[in-house]
Amino acid sequence: MDNRAKIVNIRIEATQSGLFRATSTDLVGIHAAAKSIEELQLAVKEMIADLFEAQGENVVVLETEEKHNSAVSPWVVVPKTAVARAC
């Protein structure tokens, strides 16, 4: 990964069983379900970081201010080296 931020779009859907489900076509491996949006957000943040870490990339994962008005929630992934340089 270079030092530029990336956007990972997460699709959030309510299931018939009452859970919320998250998937992404931007990042293979994002599949999560939780009882609440808040639990799902925590799981998604961890999954994104873990998937990048598995590729040897240490990142900071941030949710955007975009509220869940739509089915897609954008997340920003920034390399930790870029964050360190900015500080």
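Couple of notes before you dig in:
- Within region 46-77, if we keep just the residues that are without any contact (Cβ under 8 Å) to a residue 60 or more places away in the chain, aliphatic (A, V, I, L, M) and in a strand (DSSP E or B), the residue that is surrounded by the most Cβ atoms within 10 Å (Cβ to Cβ) turns out to be Val59.
- Being in contact (Cβ under 8 Å) with a residue 24 or more places away in the chain and within 10 Å of the chain's Cα centre (by Cα) is a property that Ile30 lacks.
- Selection from region 27-51 of residues that are at pLDDT 95 or above, over 21 Å from Ala82 (Cα atoms) and among the acidic types (Asp, Glu): Glu39
- Within the option set Ala32, Ala22, Ala43, being of a type in the set (A, V, I, L, M) and not in a strand (DSSP E or B) holds for one residue only, Ala43.
- Condition check for Arg4: at pLDDT below 95, of a type outside the set (Gly, Ala, Ser), in a helix (DSSP H, G or I) and out of contact with any Leu (no Cβ under 8 Å at 6 or more places or on another chain): no
The values are calculated or read from the model by the stated rules, or taken from the named source; none is laboratory data. All values reported here derive from a predicted model rather than from experimental measurement. Methodologically, a virtual Cβ is constructed for each residue, glycine included, from the backbone with ideal geometry; neighbour enumeration extends over all protein chains shown.
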